Amino acid sequence: MSSSSSLYKQLGLGAGSPVSASHLLLLVLGAGFLALTVFVVHPNEFRIQSFFSGGCGRPGTDAATAAVAASPVKNVSGGASDAAAATTAARSPDDDVRVLIGIQTLPSKYERRNLLRTIYSLQAREQPSLAGSVDVRFVFCNVTSPVDAVLVSLEAIRHGDIIVLDCAENMDNGKTYTFFSTVARAFNSSDGEGSGSGSPAPPRYDYVMKADDDTYLRLAALVESLRGAARRDAYYGLQMPCDRENFYPFPPFMSGMGYALSWDLVQWVATAEESRRDHVGPEDMWTGRWLNLAGKAKNRYDMSPRMYNYRGASPPSCFRRDFAPDTIAVHMLKDAARWAETLRYFNATAALRPSHL
């Protein structure tokens, strides 16, 4: 299949499509850029543009990293690793953390994507080191609506932060499996980008995180906590079940609000029989299931109480809490009122000046 025909298939432009001539004109403008975001044609040849100002490469040295208070990272498989509370020294390449965050969403959720872009770009402005540590992408399956095809094309041209997977849109029918396996192929370190010394190139990312579009991530806190985590065989998030009322007695897994796998586990998911044969089911539970059955993820990091669901008027629980200053992630922000309350607590508008008005 040619690149052109595959792209048209991704955008729902098969025979009998109701797309108008004006739609096609806009699609032609967007097709060149969308070819960079659709991995299914030649995945190893594609490189995603950075959400911020630059990609997550391995810089030789970095500027001084802003101080970020952090509590110890809890390794639930034994022991604890203290993340640095603050630093003003340049870090070596081995200390840098590179994270790809794939926010699973739907093509039609333009307003939510624009809100998240604003939130995370402002975080990067306040913490410039994030531009070298975090890439944020919005992930959805094949675009089948002619309306979405046009609008997503414009969005991709403008922002360059969209990944289109070769799947029918779903939540628990293999989308997360397709995301991890596609990223593993797209950023395979054996694609000839070595250092020239004959040794394999280091992975582009240390961790890949799957996140929901109703989760608020505090990126600086996330990165700082990951600096204290293992770079191999690592599974990071809010561990469930945490009581005997929800999901019990299902074996441990990390909540789908936002969990990260180290790069070696991402590669394993892409090739393992466990994940290939059995990926239809609640996506977060099934990811944990694959790892549990294979004896993987010896290094597990339960970030409770720093990752939790929005509480509101509901009773508190082991996964539903009030806001706290050392928060990494808040989940279940289903409407604008919840987002506004969350952003107000974390003082997201602190940089507002009279001149902005």
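The values are calculated or read from the model by the stated rules, or taken from the named source; none is laboratory data. None of the values given here were measured: they were computed from a predicted structure. No Cβ is skipped: glycine too gets one built from the backbone with ideal geometry, and neighbour counts run over all protein chains shown. Accessible surface areas use protein heavy atoms only, side chains included; no ligands, DNA or RNA. Shrake-Rupley method; radii C 1.70, N 1.55, O 1.52, S 1.80 Å.
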Q) Which value, in Å², gives the accessible area per residue of segment 213-350 when a 1.4 Å probe is used on the protein heavy atoms? A) 41
Q. Where the centre of each part is set by its Cα atoms, how far does segment 305-357 sit from segment 118-183, in angstrom?
A. 23
Q | Phi to ³J(HN,Hα) by Karplus 6.51 cos²θ - 1.76 cosθ + 1.60 over segment 232-237, Hz, x for Gly, Pro | A | 10, 6, 10, 9, 10, x
Q: Report the residues of segment 255-298 in range of a label on Asp243: point 7 Å along Cα→C-beta, backbone N strictly under 20 Å from it.
A: 255-258, 285
Q) Once label points are set 7 Å from the Cα along Cα→Cβ at both Glu126 and Leu154, what is their separation, rounded to one decimal in nm? A) 3.1
Q: Just subtract the alpha-carbon distance of Lys298 and Asp278 from 0.36 nm times their residue separation and send over the number in nm, one decimal.
A: 5.1 nm
Q: Any of Lys296/Lys334; Lys298/Lys334; Lys210/Lys298 with alpha carbons more than 27 Å apart? Name them for me.
A: Lys296/Lys334; Lys298/Lys334
Q) Counting only the heavy atoms of the protein chains, how much of His279 is accessible to a 1.4 Å probe, in Å² to the nearest 10? A) 50
Q. Do any trypsin sites (Lys or Arg not before Pro) in segment 300-346 lie in a DSSP loop with no more than 16 other beta carbon atoms within 10 Å, and if so, which?
A. Arg311, Lys334
Q.
Using only the heavy atoms of the protein chains and a 1.4 Å probe, how would Asp148, Asp161 rank by accessible area, largest first?
A. Asp148, Asp161
Q) Taking a 1.4 Å probe, which of Leu154, Leu352 shows the most accessible area, and what order do the others take after it? A) Leu352, Leu154
Q) Can you give the charge dipole size of segment 248-355 about its Cα centre, rounded to the nearest 20 debye, using +1 on the beta carbon of Lys and Arg and -1 on the beta carbon of Asp and Glu? A) 240
